[in-house]
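Structure record follows, encoded as C-alpha cells.
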2 protein chains.
Amino acid sequence: MRPPLLSINNQAIGVFDSGLGGLTVLKALEKQLPHESFIYFGDTAHVPYGSKSVETVQNYSNQITQFLLSHDVKLIVIACNTASSVAAEVLRKKFDVPIFGVVTPAVEQAISFHKNGEIGIIGTQATIASNSYVDKFTSLAPHINTVQQACPLFVPLIEEDWGDTDTAKGVADIYLKSLAKHPVDALVLGCTHYPMMEKIIQSVVGNSVKLISSGPAAAKTVDNFLVKNNLQNDGKNSPTEAFFVTDFPQKFDKLGSQFLGRALTNVHHIKL
Amino acid sequence: MRPPLLSINNQAIGVFDSGLGGLTVLKALEKQLPHESFIYFGDTAHVPYGSKSVETVQNYSNQITQFLLSHDVKLIVIACNTASSVAAEVLRKKFDVPIFGVVTPAVEQAISFHKNGEIGIIGTQATIASNSYVDKFTSLAPHINTVQQACPLFVPLIEEDWGDTDTAKGVADIYLKSLAKHPVDALVLGCTHYPMMEKIIQSVVGNSVKLISSGPAAAKTVDNFLVKNNLQNDGKNSPTEAFFVTDFPQKFDKLGSQFLGRALTNVHHIKL
C-alpha cells in the first residue's frame, strides 16, 4: 500500500459510468465544483449496462470502484442510473469510501418540485425494472404517487445524434403517451443520456412539467457533502482531470465532446 | 488434454455471436443440417460488438473460440457480422479448426443475384466501417459496384420488438434513402438481427431488390464443406444442442425465442 500523495482534500473525485453518458454528470459536477479534480471511468468495453443482468452490473461496478480507489479518490459518484440502481448499496457495504449515486439526489430534487400531482420517472429497461426510483420515493415521500416508463430507444437515438429529430419526437410520443394521462408535476430523467433529448421530452410532456436531470442534482448533493465534511479542495493547485476507458469505441471523440461539451483530453485505455 | 469422446464427424458445430442475434443463423443452420449437433455461444455480457473497437472484438472472439475448442467442436461459424468482419482472419491464423464467417457466403450469394446493377450492403457501424463486405466483393467480383450504409438504429428497434412499426419504417426510409438512388439488384443484410425487419426493408427498397440474409447463405456454405470433406454427422445418434451465455440479460427469453423461433433449453451461464 503506497501512501496517498495528496492530502485527502486535494484528492480527486472518482466518477464512473458504463460508457460516455456519465459525462453529462461530470459536466454538472465541474460546473458546481470548479476547484475539484476528477477521474472519470467509462466502461466502454461493456456498455450498455441498461439491458444487462443485475449480477453483471454489480460485478463491473465492483471492479471499477477498486480501480478508482487505487487512484486515491476521496469519494465516488456513480454517474450511471443503472449502476446506481442495482449496485450502489452493494458497493457501500463493501468499500469505506463515500459513494453517491444519481438516484437519491434526483428523487430529493423531484420531491421539492412536487405540488398536488404525481412524479414521473423514465429510464432504461434495467433502471425501471429495478424499481429503484419508486422505492426511493416510497421511503422519502410515501404520500407521492409515481408513474414510470422504460424508454430503451432514447439512448441509441441520442448516440446516433438523432435526439432532436422527428423520429425522436415520434418515439417520445409513443413512450410518453401513458405518462400524459397522469397529472405529472416533475419528470425524472433517469438516464444520463436523456438531457441530450430534453427539448423533445419537454415538448411532449408540456412546459408545466419540471424535468429533473441526474447531473445537476447529484452535483449539489456532492457539494453539500464536501462542505459539511470539510473535504473541499483547498484550491492552491489547479484542478486536474483524467479519463479512463476500457475501449475506444466507434465515434468516441464525437460522442465524448457531445456529452461533455468539449473535447476529452488525457484519456487512457485500460483493461479491467 | 483429454481425448475427444466422439468421432470428429459426430462432434458439434460451434456457433458464436456477440449476443442473441446469431440465433437467426443457428436457425438456418439447423434447417439446412438437421443431423448436426450445435453449441451456441452468445457473449451477452459484452453485447453489442457493433460499436466497439476492432481490438476489443478480436479479444472477445479469441476467448470464445478457445472455449468452443475446449468443447471439441469440429468447425466454428462466426454468426456475427462484426466479428466476421474484423476477427475471422485473425482467428484462422491462430487456430487449426475450420472457421466460417457470415461475410463470404453472403457475398457469394449476392453475386449470384447480380444482373446489371449494383449490390447494396447494410450493417452496424463497425461492420460498415471495416469495409469487409466491399473488400470481399472487390476480391471476388471486381466488376460489381457496391454501395453501403450503416443502420445503427435497426438493432435497438428490433430488440424493442418495434421491427414492424411505423417508427421502423420511418427510420428505414431515412437510412435507405441514399441506396434508393442506386440501381441495386441485391441488398446484403449484413447484421444477424436484420432478417427480423425484412418486411419493412423490402417495402422500402422495393420488390425488385433481392434481400440476402446471413443465415441461409452461411448454412449452405457449411453444408457444402461438410459434404466435400466427409465430415457430416453419421446420424446414428440424435443431434444435441447447448447454449452458453456470459449474461442473462433483460428480456433474454423473449428475444431468444423471437430470433430462434422457439424457446431456448439447455442454457448455461459462464464467465469468459
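Each reported figure results from applying straightforward, stated rules to the coordinates on display, with no laboratory input. Source: prediction; values computed, not measured. Neighbour counts run over all protein chains shown; Cβ positions are idealised from the backbone, glycine included.
The phi-based Karplus calculation (6.51 cos²θ - 1.76 cosθ + 1.60; θ = phi - 60°) puts the 3J(HN,Hα) values of the stretch B:146-159 at 10, 9, 10, 8, 6, 10, x, 7, 4, 4, x, 4, 5, 5 Hz, whole numbers, x for Gly and Pro. Under the rule a/c < 1.5 gives rounded, and otherwise a/b versus b/c splits prolate from oblate, where does the stretch A:82-204 land using the Cα gyration tensor? In terms of gyration-tensor shape, oblate. Note on A:V25, A:V90, B:V209, B:V103: ascending count of other Cβ atoms within 10 Å places them as A:V90, B:V209, B:V103, A:V25, the fewest first. Measuring from each Cβ of chain A to the axis carrying A onto B, the nearest residue and its distance in whole Å come out as A:P156, 2. Mean silhouette area of chain A, derived from the convex hull of its C-alpha atoms and averaged over all directions, reads 13.9 nm². Taking every residue in B:44-56 and counting other chain Cβ atoms within 10 Å of its Cβ, the average works out to 6. Charges on Cβ only, +1 for Lys and Arg, -1 for Asp and Glu, centred on the Cα centroid of the stretch B:103-214; of B:G120, B:L189, B:L140, which one is farthest towards the dipole's positive end? Positive-most Cα among the choices belongs to B:L140.
Annotation: the residues A:C191, B:C80, sorted from fewest to most other C-beta atoms within 10 Å of their own C-beta, follow the order A:C191, B:C80.
Residues of the stretch A:8-51 with an amide N closer than 14 Å to a point placed 7 Å from the Cα of A:V97 along the Cα-to-Cβ direction: A:8-17, A:37-42. Applying 1/(1 + (r/R0)^6) with R0 = 22 Å to the Cβ-Cβ distance of A:A141 and A:F225 gives a FRET efficiency near 0.55. Pull out a ≥ b ≥ c, the square roots of the eigenvalues of the alpha-carbon gyration tensor of the protein assembly as shown, then state rounded if a/c is under 1.5, prolate if not and a/b is larger than b/c, and oblate in the remaining case. Judged from the Cα gyration tensor, the protein assembly as shown comes out prolate (a/c at least 1.5, a/b above b/c). Here A:N207 yields copy-to-copy label distances, from shortest upward, of 5.1 nm, the label point defined as 7 Å from Cα along Cα to C-beta. Legend: mean number of C-beta atoms from other chains within 10 angstrom of residue C-beta atoms, peptide B:69-75, equals 0.
Listed peptides A:250-261, B:138-149 appear in the order A:250-261, B:138-149 once ranked by packing, highest mean of other Cβ atoms within 10 Å at the front.
Annotation for A:A263, label-to-label distances across the other copies: 5.5 nm (shortest first, one decimal, point 7 Å from Cα along Cα→Cβ).
So what's the angle, to the nearest 10 degrees on a 0 to 90 scale, between helix B:166-180 and the longest Cα principal axis of chain B? Approximately 70 degrees, to the nearest 10. The angle between the Cα long axis of helix B:214-228 and the longest principal axis of the Cα atoms of chain B comes to about 40 degrees, rounded to the nearest 10. With the simple spin-label model, which puts each label point 7 Å out from Cα in the Cβ direction, the B:N266 to A:S112 separation comes to 5.9 nm.
Cα gyration tensor of the stretch A:5-136, axes a ≥ b ≥ c as square roots of the eigenvalues: rounded (a/c below 1.5), prolate (a/b > b/c) or oblate?
Numbers: a/c = 1.87, a/b = 1.30, b/c = 1.44.
Oblate.
For A:A186, the residues whose modelled amide H falls within less than 5 Å of its own, excluding neighbours fewer than 5 places apart on the same chain, are A:G120, A:K210. Between A:K177 and A:Q63, full extension at 0.36 nm per residue minus the direct alpha carbon distance yields a gain of 37.1 nm. For chain A, the 222 nm mean residue ellipticity estimated from helices alone, with every DSSP H stretch of n ≥ 4 adding -39500 (n - 2.57) and the total spread over all residues, rounds to -12000 deg cm²/dmol. Taken one residue at a time, the phi angles of the stretch B:124-139 give Karplus couplings (6.51, -1.76, 1.60, θ = phi - 60°) of 6, 3, 5, 4, 5, 5, 6, 6, 4, 5, 4, 4, 5, 4, 4, 7 Hz. Gly and Pro are set to x.
Positive-end ranking of A:V86, B:S178, A:S257 along the dipole of the protein assembly as shown, with charges on Cβ about the Cα centre, is headed by A:V86.
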